[in-house]
1. For the stretch 14-29, what are the residues that are more than 12 Å from the chain's Cα centre (by Cα) and in contact (Cβ under 8 Å) with a residue 40 or more places away in the chain?
2. Mind checking which pairs have a first residue in the stretch 48-73 that is closer than 13 Å to Val10 by Cα and in contact (Cβ under 8 Å) with a residue 24 or more places away in the chain and a second that is of a type in the set (A, V, I, L, M, F, W, C) and surrounded by 11 or more Cβ atoms within 10 Å (Cβ to Cβ), Cβ under 9 Å, 6 or more apart or different chains?
3. Among (1) at pLDDT 95 or above; (2) under 10 Å from Tyr73 (Cβ atoms); (3) not basic (Lys, Arg), which single condition is His40 missing?
4. Strands (runs of 3 or more DSSP E) wholly in the stretch 9-64 with at least 1 residues that are among the β-branched types (Val, Ile, Thr) and surrounded by 14 or more Cβ atoms within 10 Å (Cβ to Cβ) - which ones?
5. Would you check which residues across the stretch 65-79 are surrounded by 11 or more Cβ atoms within 10 Å (Cβ to Cβ) and either of a type in the set (Lys, Arg) or farther than 13 Å from Ala6 by Cα (or both) and list them?
Amino acid sequence: MKLKLARASVTAKPKMIELSKIEEDLEKKSIFYFDKENSHKDLKALIEYFEEKEYSVYMREVKFGLNDDEFIYEIHIVK
């Protein structure tokens, strides 16, 4: 499964990341930021994947502007 990481700026295009790469990066960090273009279904699948591996996963929307469409997803994955 591929997900879109949060953009570095409003005009930039989001970078893609594989689920396996996220799992590798868990040794270095536990917080990931994803773009609003990701489907809720894909994010739920990500959460379920790591919960099956006995990780604790927490997701929330982070607003960075006043408009309703100015947000990113913040996901914490910890053992």
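1. Matches in the stretch 14-29: Leu26 only.
2. Matching pairs, first to second residue: Phe71/Val62; Ile72/Ala6; Ile72/Phe34; Ile72/Val62.
3. For His40, the failing item is (1).
4. 16-18, 56-63
5. Those that are surrounded by 11 or more Cβ atoms within 10 Å (Cβ to Cβ) and either of a type in the set (Lys, Arg) or farther than 13 Å from Ala6 by Cα (or both): His76, Ile77, Val78.
The values are calculated or read from the model by the stated rules, or taken from the named source; none is laboratory data. What you see is a predicted model, and the numbers here were worked out from it, not measured in a lab. Cβ: placed from backbone, ideal geometry, glycine included. Neighbour counts: every protein chain shown.
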